[in-house]
Amino acid sequence: MKIYDLSPEISENMAVYKNQAERRPKFRVTRTLKQGANESKLDIFVHTGSHVDAPYHVLSNGKTIDKIDLNKFMGQCVVLDFTQIKYSITKKDLIKFKVKKNDIVLLKTKNKPDKKFNFNFTFLEKTGAEYLASKKVKAVGIDNLGIERSQPKHLT
């Protein structure tokens, strides 16, 4: 099996969700060679860079990330090209592809890595999410810091 790491580099200058300064990673040297060894500390939010939203993120009785089997994130992957879509990915857009049960679906969009959070990123719309759930896919990923946006509340 080939493994592809799509994770962006983590730095103090990377884009963070909604440009919230307190979410920026912080690196700090805690010990030097003069003290016996170089050591450092990294303070980071779990929503930094590539990450998984556990069900607990939006559901009070949802599973926390430590309760999810790592195998859930490994397997056959399909990359769906939505670079021509400017706003949202809907069921109508997804049904053109052959998505199978247990696929890991990666949504490739026009989104680009930026130094600042892009509030107008392409996202997965509710009908698209419902369609992928009905296909019983294993996982869904997108090339941005969030998969949904600009909704008055998270849809669950």
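The values are calculated or read from the model by the stated rules, or taken from the named source; none is laboratory data. If you're wondering where the values come from, they're calculated on a predicted model, not measured in any experiment. Here Cβ is always computed from backbone atoms with ideal geometry, including for glycine, and neighbour counts include all displayed protein chains. Surface accessibility is based on the protein's heavy atoms, side chains included, excluding ligands, DNA and RNA. Shrake-Rupley method; radii C 1.70, N 1.55, O 1.52, S 1.80 Å.
Antiparallel as a % of all DSSP beta bridges within the range 18-156, to the nearest 5?
Approximately 30 percent, going by the DSSP bridge assignments.
Scan the range 106-149 for chymotrypsin sites (Phe, Trp or Tyr not before Pro) in coil per DSSP, keeping those whose Cβ has at most 14 other Cβ atoms within 10 Å, and list them by number.
Counting only loop positions with at most 14 other Cβ atoms within 10 Å, the chymotrypsin sites (Phe, Trp or Tyr not before Pro) in the range 106-149 are Phe119.
Find the accessible area per residue for the range 1-101; the probe is 1.4 Å, ligands and nucleic acids are left out, and the unit is Å².
81 Å²
What's the Kirkwood radius of the range 28-67 in Å, using all Cα pairs?
Result for the range 28-67, one decimal place: 12.9 Å.
Is there a pair in Lys86/Lys126; Lys116/Lys136; Lys63/Lys116; Lys41/Lys116; Lys63/Lys100; Lys26/Lys101 whose C-alpha atoms are over 28 Å apart, and which pairs would that be?
In this structure, Lys116/Lys136; Lys63/Lys116; Lys26/Lys101 lie more than 28 Å apart at Cα.
Could you calculate the FRET efficiency of Ile3 with Lys34 from 1/(1 + (r/R0)^6), where r is the beta carbon distance between them and R0 is 30 Å, rounded to 0.05?
Computed FRET efficiency for Ile3 and Lys34 comes out at 0.15.
Spin-label point model (7 Å from Cα, Cβ direction): what's the Ile65 to Asp53 distance in nm?
1.4 nm
Go through the range 27-120 and name the trypsin sites (Lys or Arg not before Pro) that are in a DSSP coil and have 16 or fewer other Cβ atoms within 10 Å of their Cβ.
Passing both the DSSP loop test and the Cβ count: Lys63, Lys86, Lys96, Lys98, Lys100, Lys101, Lys110, Lys115, Lys116.
In the range 84-144, what percent of the accessible surface is made up of carbon and sulfur (1.4 Å probe, ligands and nucleic acids excluded)?
It is 55 percent, rounded to a whole number.
Can you give the extra length, in nm with one decimal, that the chain gains between Lys115 and Asn13 once fully stretched, where that is 0.36 nm per residue apart less the Cα-Cα distance?
Answer, rounded to one decimal: 36.0 nm.
Would you look at the GNM of the chain, springs on alpha carbons closer than 10 Å, and say which of Thr48, Thr127, Thr32 moves the most?
The residue that fluctuates most here is Thr32.
Taking the chain as a Gaussian network, Cα atoms linked when under 10 Å apart, which of Val137, Val105, Val29 shows the biggest mean-square fluctuation?
Between Val137, Val105, Val29, it is Val29 that shows the largest mean-square fluctuation.
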